[in-house]
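Have a look at the structure below before the remarks.
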Amino acid sequence: MNTHFKDIFAGKVVNKRLTFNTGMDEFPRYLLEYLIDNYCEEETFEEDFELVKRRLRENFVHGAEAERIRHYIRENRDHTIMANLEVRLVETQDKYWGTIGAINENYVNVPEGMVKQYPMLLAGGMWGTIQLTYDENEVHDRKIRPFKVVEFTPFQIAMIDTREFVEKRGQFTDDEWVDILVSSFGLNAERMTRREKLLYLSRAVPLVESNHNMIELGPRETGKTYLFRNMSYYAHVISGGRVTPPSLFVNLNTGKVGLVGTRDAVVFDEIANTDFPDPKSMVSIMQGYMQDAKFSRGRKEIQAFGSIVLVGNLDVQGSIPHEKNYHLLEPLPSYLQEEAIVDRLHYKLPGREVPKIGPESASQDYGFITDYLCEIMHELRRMDVLGPIRNRFELFDAEGSTQGITSRDVRAVHKTLSGLLKLMYPHGQVTDPELEELLLLALEGRQRIRDQLHLMAPGEYYPVKVSARLLPSGKVLTPTLLERERKQQICAYSTSGGRGDRPRTWPASWSPPYSASYRATGCQAGCCWPCPWAAIRLRSWPSAPQSQRFPATNALPFPSCASRCRRQRCQAGVCPCLPLRVHHGQHMLPLVPGRIVGVVVESLPVFLHRQWGAVAADLILGIVQGTALPVVMSQVDCPTFLPV
């Protein structure tokens with residue numbers, strides 16, 4: 001198959017095994033792959049690659065050497081470097097200017113003929129050998145612009161023919177093509193099952209489908225952002241930190257469009273650590289953009305095509321998500337756990353099913369050169385592969401609920417399926433079994449979103465089964481999700497503080513027994529669920545109606561408690577007025593933020609600091625001495641309280 005692959009895509013294929021552990025990590029992967037493919041023979045690879053490395057190191061400009069190289073070019077009037085050249089057209093001057101970041105120069109004279117020969121210089125730039133001269137007589141707008149490109153030899157494929165790629169796809173079987181793509185993405189296809197391969201390929205859907213919104217929460221070290229960092233320079237990965245509307249959407253002062261308008265995909269890595277300075281404003285803009293691919297800032301309404309990808313970690317137990325999470329989106333920041341945002345996500349990838357990346361995971365076979373595949377995926381965003389296939393199936397709710405599936409469900413399945421078809425069958429030749437496989441994957445991705453929405457807001461989002469019916473056969477496709485069998489196990493504790501023998505399972509339909517006594521009376525807190533202490537509404541009470549509110553000055557539940565909430569708009573997961581001292585008989589129970597122990601007395605939660613440890617249950621038993629009230633403890637992380 002390798003010989004067949006190399007013959008058909010000659011000049012666009014490289015042995016991926018040779019591109020790992022080269023000791024040249026400072027260079028882009030697509031640059032190394034191009035050089036290895038063009039200047040190294042497999043039989044004499046070590047010797048040939050040593051020559052390539054020597055030339056790279058001699059001509060590559062490090063950041064600290066920029067001024068020295070500029071001086072050298074001025075003194076010698078000619079010098080050749082290896083760097084990235086990016087070109088832009090300044091229409092007010094009717095002139096092409098180049099940017100070479102290696103020498104900190106944004107105004108490099110570039111001949112018009114060179115731009116016509118290498119149009120990719122205008123689309124993010126190209127790596128290559130750049131011959132520069134210095135001519136102080138080059139004056140533009142009364143400013144000297146002496147640096148000039150004389151010759152450019154690219155280290156990337158200069159011309160991309162999408163039609164050729166699509167036509168040649170038909171010369172490979174389905175299994176061969178899957179292995180080629182997985183190997184091209186840098187993984188060893190021989191060590192993966194068919195489902196694992198498809199799940200890994202589904203990570204690339206936002207790169208080939210415009211405005212595709214995806215989320216992946218899974219274990220660590222599964223390479224959640226590896227594909228975006230290494231396979232496409234059209235993707236931008238934000239690793240935590242601060243994200244502002246100007247950087248993501250548009251800067252009102254300069255008019256410059258942000259990342260969603262200039263990149264194919266914006267990936268929020270470690271989403272739990274991402275900071276939005278103004279969450280309400282950012283979430284409001286994101287809601288509109290994720291729905292209509294448009295956003296408004298000031299008087300401007302701008303359309304963009306960048307996909308949104310949310311990536312984070314999720315604890316698991318074996319093959320299913322950890323029981324401590326009530327719903328599977330709890331790792332998201334609280335301001336992203338909004339139903340309006342979640343409903344606009346098209347696909348939830350089950351990250352727990354993707355194998356961890358190890359030394360043996362690296363590709364050992366041939367694959368596409370990275371920059372070629374990157375450009376192909378970029379061009380595939382313009383194609384419509386789903387259109388001719390759309391009439392071969394119909395979507396419906398197999399649950400038969402009164403609400404049924406929504407237009408967002410249909411749109412989500414269509415966009416995910418469209419991306420998978422572009423990757424697997426860009427030539428449009430899809431059999432019913434092949435369509436069934438990809439359609440089921442798209443259905444289950446959206447079903448996960450609907451399941452979490454039902455847990456977060458059961459009164460608004462009814463339980464549905466997003467299903468499809470193949471036409472004309474009438475075969476029904478309904479995804480089966482392993483996480484639906486997940487049980488919430490909450491450990492019982494003995495009165496001495498030791499772990500009990502029997503786990504306690506709380507039904508998902510549990511509703512706080514005290515909720516009927518506290519109705520909406522004006523609380524403006526920023527959370528979602530009622531808090532028994534004051535004006536706080538904790539997100540984790542599963543089915544407390546959102547309409548229930550506590551008054552901001554409501555006394556704490558214990559009759560003799562003198563403490564009150566003093567903050568009118570609380571955004572915290574626990575009361576900001578802590579520590580409080582709750583008087584109950586002769587006992588003083590300090591409440592402080594941090595990791596806590598939850599104790600239930602007559603179905604009413606009492607939260608204690610972990611420093612009480614083993615004596616906490618004995619203390620509560622002392623308070624209710626002479627009664628038969630149940631006592632159950634569970635240690636959890638604030639503010640994600642579990643009902644116990």
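The values are calculated or read from the model by the stated rules, or taken from the named source; none is laboratory data. Since the model is a prediction, treat every value here as computed from it, not as a measurement. Using ideal geometry, Cβ is built from the backbone for each residue, glycine included, and neighbour counts are taken over all protein chains shown. In case anyone asks, the SASA skips ligands and DNA or RNA and just uses the protein heavy atoms, side chains included. Shrake-Rupley method; radii C 1.70, N 1.55, O 1.52, S 1.80 Å.
Every residue in region 379-395 that is open to solvent by less than 40 Å² (accessible area, probe 1.4 Å) and not aliphatic (A, V, I, L, M), please.
Listed by number, the residues that qualify are R381, G387, F393.
Identify, from the list G419, G459, the residue that is of a type outside the set (A, V, I, L, M) and either surrounded by 23 or more Cβ atoms within 10 Å (Cβ to Cβ) or closer than 21 Å to T173 by Cα (or both).
One residue alone meets the criteria, G419.
Which one of A64, A102 is within 37 Å of the chain's Cα centre (by Cα) and surrounded by fewer than 18 Cβ atoms within 10 Å (Cβ to Cβ)?
A64
Would you check if there is a residue in region 267-283 being out of contact with any Cys (no Cβ under 9 Å at 6 or more places or on another chain) and crowded, with 23+ Cβ neighbours inside 10 Å?
Looking through region 267-283, at least one residue is out of contact with any Cys (no Cβ under 9 Å at 6 or more places or on another chain) and crowded, with 23+ Cβ neighbours inside 10 Å.
Somewhere in region 127-137, is a residue touching a helix residue (DSSP H, G or I) at 6+ places or on another chain (Cβ under 6 Å), modelled with pLDDT of 90 or more and closer than 22 Å to P28 by Cβ?
Yes, that holds for at least one residue.
Going by the conditions given, is I449 under 25 Å from L217 (Cβ atoms), touching a residue at least 60 places away in the same chain (Cβ under 8 Å) and not in a helix (DSSP H, G or I)?
no
Hey, can you tell me all the residues within region 282-315 that are farther than 18 Å from V257 by Cβ and out of contact with any His (no Cβ under 6 Å at 6 or more places or on another chain)?
Matches in region 282-315: V283, S284, Q287, Q291, V309, L310, V311, G312, N313, L314.
Look at region 12-31 and say how many of its residues are touching a helix residue (DSSP H, G or I) at 6+ places or on another chain (Cβ under 8 Å) and loosely packed, with under 12 Cβ neighbours inside 10 Å.
Matching residues across region 12-31 total 1.
Quickly run through region 392-423 and pick out the residues that are over 18 Å from T478 (Cβ atoms), in a helix (DSSP H, G or I) and either of a type in the set (G, A, S) or modelled with pLDDT under 95 (or both).
Across region 392-423, the qualifying residues are S407, S418, G419.
Restricting to region 358-374, and then to whatever is touching a residue at least 40 places away in the same chain (Cβ under 8 Å) and open to solvent by 10 Å² or more (accessible area, probe 1.4 Å), can you tell me which residue is nearest to E33 (Cα to Cα)?
Y366
Here is a list: Y366, Y347. Which entry is of a type in the set (S, T, Y), at pLDDT 90 or above and under 24 Å from Y289 (Cβ atoms)?
Every option except Y347 fails the conditions.
Here are the criteria: (1) modelled with pLDDT of 95 or more; (2) open to solvent by 10 Å² or more (accessible area, probe 1.4 Å); (3) part of a helix (DSSP H, G or I). Tell me which single one V430 does not satisfy.
(3)
Among what's in region 32-48 and is open to solvent by less than 30 Å² (accessible area, probe 1.4 Å) and in contact with a Leu (Cβ under 8 Å, 6 or more places away or on another chain), pick the residue that is farthest from T153 (Cα to Cα).
Filtering first and then ranking leaves F45.
Filtering region 195-249 down to residues that are open to solvent by 10 Å² or more (accessible area, probe 1.4 Å) and of a type in the set (K, R), which residue is nearest to H322 (Cα to Cα)?
Result: R220.
In this structure, is Q93 in a strand (DSSP E or B) and out of contact with any Leu (no Cβ under 9 Å at 6 or more places or on another chain)?
Against the criterion (in a strand (DSSP E or B) and out of contact with any Leu (no Cβ under 9 Å at 6 or more places or on another chain)), Q93 does not qualify.
Considering only region 321-344, I want to know if a residue exists there that is part of a strand (DSSP E or B), farther than 30 Å from F27 by Cβ and either open to solvent by less than 50 Å² (accessible area, probe 1.4 Å) or in contact with a helix residue (DSSP H, G or I) (Cβ under 7 Å, 6 or more places away or on another chain) (or both).
Yes.
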